[in-house]
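Quick notes on the structure that follows.
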Amino acid sequence: MQFDQTLLTCLREARHVVVFTGAGVSAESGIATFRDALSGLWSRFDPMQLATPEAFEDDPELVWGWYESRRMQVLGTSPNPGHRAIAELAKRVTQLTLVTQNVDDLHERAGSANVLHLHGSLHQPRCSRCAESFQMPLAPPAEPAEGRRLAPPRCAHCGGEVRPGVVWFGESLPVDALEAAFAAAAGCDLLLSVGTSGVVYPAAQLPHIALQAGAAVVHVNPEPQALGGGREWLLAGPAGEVLPALLAAAWR
Ligand code: BJW
Ligand code: ZN
């Protein structure tokens, strides 16, 4: 794989790198991206419709069942070379801030620390009424026979329904994580945007903030991306191939 020399120098010399990831970084671990059509028993449903507070209010068993099946899928898979290359990059540069939109824990399992999760986590459910966190058993019950519906557990504190600890459309992002991510983007030398369609706000602002602050922005994505100018690059390909090759080329 060939890389632009200016880009390699930028990466090697960057004091602060921000890595901003989306569902594409977990695709090679077998986790479908958010905008891929759902498969199997879930193929009748639209994730845009399920990932809302209204959907949970209308049909908590359907929504809880969907999130439990996704949590099971994540527990059954492993980080891929893309996640591992990001953890490795943190050892090579002075400062690295990892910001993810993903609700899985594959970055952490690849060895990344202090990951800023903008859209929450599949693994931190909480009470929908009093917000008390809920401890999920590591090996939860298998999906029910019909494969979809599962009654959410009840909060030990107030009896309310437990909900997934993720950020749904129309909900606020965690303020501390969002502020830290914005500050990192505004202060970095280079932002690597990996495997995101960049259509969900406010997270999608991060590459723009970095560009406006004069940083270089590098997109890693197999699909074409609109590029703004000389300090923006596309490395076309899957993250699990591009990122290890990029590190090998920059620190050969
Ligand atoms: C590979 C690959 C490989 C494949 N290697 N790459 C207009 C302007 C601004 C905002 C809004 C607006 N209209 C509405 C809004 C608000 C809304 C929003 O942005 N909507 C847009 C759809 C327009 N935002 C919100 O509601 C947010 N809250 C908010 O703004 O609060 C204030 C407010 C309230 C009320 C009204 C207005 C404002 C909250 C957003 C929460 C998003 N949550 C989700 C669900 C989380 C739980 C769950 O997973 O179920 O987060 S939505 C979903 O999208 C998920 C993802 O994190 C997020 C981003 O998706 P991502 O990661 O980019 O995945 P994909 O599938 O889209 O893309 C995958 C990419 O990977 C593709 O490019 C592939 O090519 C690539 N790829 N294989 C590398 N191997
Ligand atoms: Zn409660």
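The values are calculated or read from the model by the stated rules, or taken from the named source; none is laboratory data. None of these values were measured; they are calculated from a predicted model. Note that we place each Cβ from the backbone using ideal geometry, even for glycine, and neighbour counts take in every protein chain shown. Just so you know, the surface numbers come from the protein's heavy atoms only, side chains and all, with ligands and any DNA or RNA stripped out. Shrake-Rupley method; radii C 1.70, N 1.55, O 1.52, S 1.80 Å.
If Lys and Arg each add +1 and Asp and Glu each add -1, what is the summed charge of the other residues whose beta carbon sits under 12 Å from the beta carbon of residue 82?
-2
Based solely on its DSSP helices, what 222 nm [θ] is calculated for the chain when runs of n ≥ 4 H residues each add -39,500 (n - 2.57) and the sum is averaged over all residues, nearest 500 deg cm²/dmol?
That calculation yields -10000 deg cm²/dmol at 222 nm.
Whole-Hz Karplus ³J(HN,Hα) for the range 51-60, in order, using 6.51 cos²θ - 1.76 cosθ + 1.60 and θ = phi - 60°, x for Gly and Pro?
Per-residue couplings from phi come out as 8, 9, x, 5, 4, 5, 5, 5, 8, x Hz.
How far is it, in nm, from the label point at residue 12 to the one at residue 114 when both lie 7 Å from their Cα along the line to the Cβ?
The answer from the label model is 2.6 nm.
May I ask you to list the residues of the range 84-101 whose amide nitrogen lies under 18 Å from a point 7 Å from Cα along the Cα→beta-carbon direction of residue 77?
In the range 84-101, the label zone of residue 77 (backbone N under 18 Å from the point 7 Å along Cα→Cβ) covers 84-87, 100-101.
Suppose every K and R has +1 on its Cβ and every D and E has -1 on its Cβ; what is the size of the dipole of the chain about the Cα centre, in Debye to the nearest 20?
The dipole of the chain has a size of about 600 debye.
If each residue of separation counts as 0.36 nm, what is the full-extension length gain between residue 172 and residue 186 once their alpha-carbon separation is subtracted?
3.0 nm
Be a star and scan the range 165-200 for residues whose amide nitrogen sits under 14 Å from the point 7 Å along the Cα-to-Cβ vector of residue 95.
Under 14 Å, as judged by backbone N against the label point of residue 95, lie 180-191 of the range 165-200.
Note down the relative contact order for the range 1-107 as a percent, whole number, built from C-alpha pairs under 8 angstrom at least six residues apart.
Dividing the mean separation by the residue count of the range 1-107 yields 44 percent.
Once neighbouring chains are kept in place and the probe is 1.4 Å, which whole percent of the accessible area of the chain is contributed by carbon and sulfur?
Ligands and nucleic acids excluded, carbon and sulfur reach 51 percent.
At 7 Å along Cα-to-Cβ for each site, give me the label-to-label distance between residue 48 and residue 251 in nm.
Placing both labels 7 Å along Cα→Cβ, they lie 4.1 nm apart.
Indicate the gyration tensor shape class of the chain (rounded, prolate or oblate), computed on the Cα atoms with a ≥ b ≥ c the square roots of the eigenvalues: a/c under 1.5 is rounded; otherwise a/b larger than b/c is prolate and the rest oblate.
prolate
Just want the answer: with Cβ charges of +1 for Lys and Arg and -1 for Asp and Glu, which residue in 164, 55, 29 is farthest toward the dipole's positive end in the chain?
Of the options given, the answer is 29.
Which ³J(HN,Hα) values, rounded to whole Hz and listed in residue order, are derived for the range 116-132 from phi using the Karplus coefficients 6.51, -1.76 and 1.60 in 6.51 cos²θ - 1.76 cosθ + 1.60 with θ = phi - 60°, glycine and proline given as x?
After applying 6.51 cos²θ - 1.76 cosθ + 1.60, I find 8, 9, 6, 10, x, 8, 5, 9, 10, x, 8, 5, 6, 9, 10, 6, 4 Hz.
Using alpha carbons only, how many angstrom separate the centre of the range 194-213 from the centre of the range 29-89?
So the two Cα centres are separated by 21 Å.
I need the phi-derived Karplus couplings for the range 194-209: 6.51 cos²θ - 1.76 cosθ + 1.60, θ = phi - 60°, integer Hz, Gly and Pro marked x.
10, x, 10, 7, x, 10, 9, 9, x, 4, 5, 6, 4, x, 5, 4
Quick one: work out the % antiparallel among DSSP beta bridges in the chain, nearest 5.
Around 20 percent of the beta bridges assigned by DSSP in the chain are antiparallel ones.
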